[in-house]
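Data first, discussion second: the structure below is written as structure tokens.
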Amino acid sequence: MTGKIRHYFAGGNTAKGFHHFFDSNLASLNRLWILKGGPGTGKSTLMKQIGHMWLEKGYDVEWIHCSADPDSLDGVIIPSLKVGLVDGTAPHIVEPTAPGAKEEYVNLGEAWERRILVQHLEEVKQYNRKIDECYKEAYSSFAEALLIHDEWEDIYIGNLDRKAANQLSQSYIDDLFGKVSLNKKAEVKHRFLGAATFKGAVDYVPNLTYGLTKRYFIKGRPGTGKSTFLKKVAKKAENEGLDVEIYHCGFDPESLDMVIVRELGFAIFDSTAPHEYFPERDGDEIIDTYDKMIRKGTDEEHELIIQEIRKRYTDKMKEGTASLKRAKYLHDELESIYIQAMNFEQVEKIQQSIHEQICEIAQTQ
């Protein structure tokens, strides 16, 4: 029986620069291979191939997608074996906690034909400089978009019934948790359900919520307390010893987009653009924060200014995405140089060695 893949991001291109939660997702592992090497050295392909080998053996696997290119991987984890592989190059630097005992560096750059790379030295420098500039431009655009989004939020915050907001969140927390309390320390994972990519916003909500008996779709405007609501749910789960997956906003990592408590079979998430979904199966329920918390007529009263803010916000987000597209194009050009210099037979030997070591770990379980 083939295992299942769970998809998510551990890093993101946000309004506050590149932000990641790799440490949170790697902390519980007993063995971790940290892959080094430039673009085109086959890090993502190696991780995918090892992941598929263990999927075919019936193991569930976690796919940590790359926010620069969601078709590539930043990491792969086999939870039941407590092993994983991760891209350890910038910007997602992974600091080892027990080098040699837990973490092992694997330098795919050892498979380079350096004489070929030397011929392209200046070209490589120029590509790296231009790519860095593109990301700076993207982060600047997203930062401006966040300031505009704050204007949008202020309209609704000024018309928010805080007592109703607290009552709503407490009512759902009481229903979700009842009197459940486990005598253990909660395992807390911080992640992103989606990311700003060169393709635009990409998310994995359907995959992450698959198989859960209850899904709560929070609907509402900016500033209606969705993130605050989710933070309260996450804190309650942790306090009661329940393992919790906390999914941060790929635009503003200080905000939350989703909380999953698999031990209780539920997910509760911000179901507004760019990750807007609607109920489609038994157990799905909408929570309308605008209807329950915001003064009636707020949308109509501020219609024109909201339209103007929405346009400015959308334009800035498009600017950021365009910068990410340019970075992806340049990265592909840079990769083509490195691919020419790679000895992939050597990479395959490295992959086989890692696979054999994982097999030894599996045999001891």
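The values are calculated or read from the model by the stated rules, or taken from the named source; none is laboratory data. Since the model is a prediction, treat every value here as computed from it, not as a measurement. Glycine also receives a Cβ, built like all others from the backbone with ideal geometry; neighbour counts cover every protein chain displayed. Note: areas computed on protein heavy atoms with side chains; ligands, DNA, RNA excluded. Shrake-Rupley method; radii C 1.70, N 1.55, O 1.52, S 1.80 Å.
A few comments on the model shown:
- Subset of region 23-73 [over 20 Å from the mean Cα position of the chain (by Cα), farther than 16 Å from residue 355 by Cα and in a strand (DSSP E or B)]: 36
- Test: residue in region 164-178 that is more than 16 Å from residue 232 (Cα to Cα) and not aliphatic (A, V, I, L, M): no
- Screening region 168-252 for strands (runs of 3 or more DSSP E) wholly inside it with 3 or more residues that are touching a Cys at 6+ places or on another chain (Cβ under 7 Å) and farther than 28 Å from residue 325 by Cβ returns no ranges.
- Some residue of region 202-225 being crowded, with 20+ Cβ neighbours inside 10 Å, of a type in the set (Phe, Trp, Tyr), at pLDDT 95 or above and within 16 Å of residue 252 (Cβ to Cβ): no
- Hey, residue 289 polar (S, T, N, Q) and under 27 Å from the mean Cα position of the chain (by Cα) or not: yes
- Comparison of 266, 344, 278 shows that the only residue that is of a type in the set (Phe, Trp, Tyr) and open to solvent by less than 30 Å² (accessible area, probe 1.4 Å) is 266.
- Residues being of a type in the set (A, V, I, L, M) and over 12 Å from residue 229 (Cβ atoms) - total across region 254-280: 5
Listed here are the residues, each with its yes/no results for (1) more than 29 Å from residue 149 (Cα to Cα); (2) aliphatic (A, V, I, L, M); (3) in a helix (DSSP H, G or I); (4) modelled with pLDDT of 95 or more.
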position	(1), (2), (3), (4)
304	no, yes, yes, yes
308	no, no, yes, yes
314	no, no, yes, yes
318	no, no, yes, yes
323	no, no, yes, yes
328	no, no, yes, yes
331	yes, no, yes, yes
335	yes, no, yes, no
338	yes, no, yes, no
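- Yes/no for residue 47 being of a type in the set (A, V, I, L, M, F, W, C), without any contact (Cβ under 8 Å) to a residue 60 or more places away in the chain and open to solvent by 10 Å² or more (accessible area, probe 1.4 Å): no
- Residue 54 vs. criteria aromatic (Phe, Trp, Tyr), open to solvent by less than 10 Å² (accessible area, probe 1.4 Å) and touching a helix residue (DSSP H, G or I) at 6+ places or on another chain (Cβ under 9 Å): yes
- Look at region 140-152: where a residue is in contact (Cβ under 8 Å) with a residue 24 or more places away in the chain and closer than 18 Å to residue 274 by Cα and a partner is among the acidic types (Asp, Glu) and surrounded by 16 or more Cβ atoms within 10 Å (Cβ to Cβ), sitting 6+ places away or on another chain with Cβ atoms under 8 Å, you get 141/319; 146/252; 149/252.
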